[in-house]
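Engineer: One structure, pasted below without further comment.
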Amino acid sequence: MKLDKTICIAAIAASAAVPAFAENPLISGAFSADPSAHVFNGRMYVFPSHDIPAPAGSRNKKGFNMPDYHVYSSENLFDWTDHGVIVDQEKVPWVDGKSYSMWAPDCNYKNGKYYFYFPAHQKDGRNAIGVAIADKPEGPYVPQEKPIPGVNGIDPCIFIDDDGTPYLTWQAQGNVLVVARLKDNMVELDSEVVTVNHNVPRNGLKEGPFMFKRNGKYYYSFPWCERQTECICYCMGDNPMGPFEYKGKIMEQNTDCWTNHHSVVEYKGQWYFFYHHNDYCREHDVNRSICAEYLTFNEDGTIKPIVPTQRGVGITPATNRIQIDRYSAIGDPNHVWVEYNRTEDPFAGWKTVFRNKDNYRRPIWIEYDRVDFGEKDLSTAIVHVFARVGGSGTIEFHADAVDGELIARIPVVAKDEWQDASAAVLKQLKGVHNLFVTMPDGVLMHVDWVQFK
Ligand code: FUB
């Protein structure tokens, strides 16, 4: 569903602490893009860029307006902590502090320090890539006085090989992807800048490279606008400086957001793919939001294509508000679907609509997978629901299947306003289960979230 223009314009420009979810998008309360994910000290850190609606005085009313960077972290991929602003355009000596040009960044660890690489406009308008250095992944980061000499471009990715050699790859002027070795000090080049030889079969803009290693193979992936919008494609090779052999697409182009930008990381034995979309701002595609999916490999090391989901990654505690509109599966679309919550708040999210039309006799259902019921008994099941007078009915929760064990049956007395309807939990579950929410009787109900207490 489209958002009102006023909703996007009224969006929050910057905030210190924002709600974040296990579902997609991961961050609510602020826009975020170009997620660069890394595991430091056994914890997942994501370094995205930060879109804001064009502020008064911006030279770029219709394009990206990106003033600073936050870093977010999570242990369980459900609870995300916003560590606040780590680099600000007004506080980097070499950056034009009114350019709003802090595009896709990356970060990595070496010799006891965290090195954060970011592109921005210099005071003369040219793109450069600079470094800010910290003792901890969440900062504080101290920007270098000058950008890296000889590195003109955007979208840095910093890859550190198993022997500790650092490589920087980025999009250089002329839309060409390049790579160079860095010195041990991480802030100077240690080799020629080499054009990445990747034999992608056709032309089209390429940017946002990312490099990672698995089972001795180097993976080089990047957004590629082959047709209308960017897909994410990848190549494999035996050396971080190339050559790389084209292997195919990880994520196809989409219809709503021209850009996509990604990173790949292994965490606790599972690989993850981070990317972005304009979920919270459908009016245009320069206010984006970061998302994540599971990534899996074939036997030969090639990557299985990923289809974006609403559900995303992570296990959701049953005691949290479970946003069932970020579903893993859904019933007959004539009887159950997801709509945008139209409010003044662009981050109000979505709701599920259950509609019994023409005396439909089959279950009307939505599934939200991976809910953790924990080990303690839960007494109450709650549904945050809107049903107009005349539309009273019942919402049921079932375990692991539409007709699985009945967890709770909640009578909903129609009210013409949003309400928390609740009922006792009938079946105690332990551990992780898939939750099915159904409307066995009723006419039209809007459900924002469900929860257990
Ligand atoms: O976020 C601004 C730019 O859009 C990034 O630098 C590109 O990769 C694309 O996502």
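The values are calculated or read from the model by the stated rules, or taken from the named source; none is laboratory data. Bear in mind that the values here come from a model prediction, so they are computed numbers and not experimental data. Don't worry about glycine lacking a Cβ; one is built from the backbone with ideal geometry, like all the others, and counts go over all protein chains shown. Ligands, DNA and RNA are stripped out before the accessible areas are found, and what is left, the full protein with its side chains, is counted by its heavy atoms. Shrake-Rupley method; radii C 1.70, N 1.55, O 1.52, S 1.80 Å.
Engineer: Ignoring ligands, DNA and RNA, what accessible area per residue does segment 5-295 give at 1.4 Å, in Å²?
Structural biologist: Computed with neighbouring chains in place, this is 37 Å² per residue.
Engineer: Straight distance only, please: which aspartates and glutamates reach the Cα of Lys136 with their own Cα at less than 17 Å, same-chain residues fewer than 8 apart left out?
Structural biologist: By straight Cα distance, Lys136 reaches Glu75, Asp82, Asp106.
Engineer: If amide hydrogens are placed 1.01 Å from N in the peptide plane, which non-local residues have theirs closer than 5 Å to the one on Leu295?
Structural biologist: Trp271, Tyr272, Phe273
Engineer: Now, a different point. In the structure displayed, which of Lys61/Lys123; Lys98/Lys247; Lys146/Lys249; Lys62/Lys206; Lys206/Lys304 lie more than 29 Å apart, Cα to Cα?
Structural biologist: As for pairs spanning more than 29 Å Cα to Cα, those are Lys98/Lys247; Lys146/Lys249.
Engineer: What are the ³J(HN,Hα) values, in whole Hz, obtained from phi via the Karplus relation 6.51 cos²θ - 1.76 cosθ + 1.60 with θ = phi - 60°, for each residue of segment 332-343 in sequence order, with x given for Gly and Pro?
Structural biologist: Values per residue, Gly and Pro as x: 4, x, 6, 10, 8, 7, 10, 10, 5, 6, 7, 9 Hz.
Engineer: On the protein heavy atoms, probe 1.4 angstrom, tell me the percent of accessible surface of segment 316-452 carried by carbon and sulfur.
Structural biologist: Heavy-atom surface of segment 316-452 belonging to carbon and sulfur, 1.4 Å probe: 46 percent.
Engineer: For every helix of n ≥ 4 consecutive DSSP H residues, a contribution of -39,500 (n - 2.57) applies; sum these over the chain, divide by its total residues, and give [θ] at 222 nm rounded to the nearest 500 deg cm²/dmol.
Structural biologist: 0 deg cm²/dmol
Engineer: Taking a cut-off of 17 Å between Cα atoms, list the lysines near Lys430, but don't count ones fewer than 8 places away on the same chain.
Structural biologist: Lys376, Lys453
Engineer: Also, I was wondering about something else. If you take the square roots of the eigenvalues of the alpha-carbon gyration tensor of segment 143-218 and sort them as a ≥ b ≥ c, do you get rounded (a/c under 1.5), prolate (a/b over b/c) or oblate?
Structural biologist: oblate
Engineer: In nm, give the distance between the simple-model label positions of Thr302 and Asp161, each being 7 Å from the Cα along the Cα-to-Cβ direction.
Structural biologist: Calculated label separation equals 2.6 nm.
Engineer: Another question, then. Got a number for carbon plus sulfur as a percent of segment 234-283's accessible area, 1.4 Å probe?
Structural biologist: C and S fraction of accessible area: 43 percent.
Engineer: Given axes a ≥ b ≥ c from the Cα gyration tensor, I'd like to know whether segment 33-179 is rounded (a/c under 1.5), prolate (a/b larger than b/c) or oblate.
Structural biologist: The shape class here is oblate.
Engineer: Would you mind classifying segment 225-301 by shape? Square roots of the alpha carbon gyration tensor eigenvalues, ordered a ≥ b ≥ c; an a/c under 1.5 is rounded, otherwise it is prolate if a/b is larger than b/c and oblate if not.
Structural biologist: Verdict is oblate for segment 225-301.
Engineer: Which semi-axes, in whole Å and largest first, does the equivalent ellipsoid of the chain have when worked out from the alpha carbon gyration tensor as the square roots of 5 times its eigenvalues?
Structural biologist: 42, 23, 20
Engineer: Further question: For the pair Gln428/Asp88, report the inter-label distance in nm, with labels modelled 7 Å from Cα in the Cβ direction.
Structural biologist: Modelled inter-label distance: 5.2 nm.
Engineer: Given points 7 Å out from each Cα along the Cα-Cβ axis, report the Val176 to Asp369 separation in nanometres with one decimal.
Structural biologist: 4.4
Engineer: What translational D, rounded to a whole number of µm²/s, comes out for segment 316-452 from Stokes-Einstein when the hydrodynamic radius is the Kirkwood one over Cα pairs, at 37 °C and 0.692 mPa s?
Structural biologist: Result for D is 222 µm²/s.
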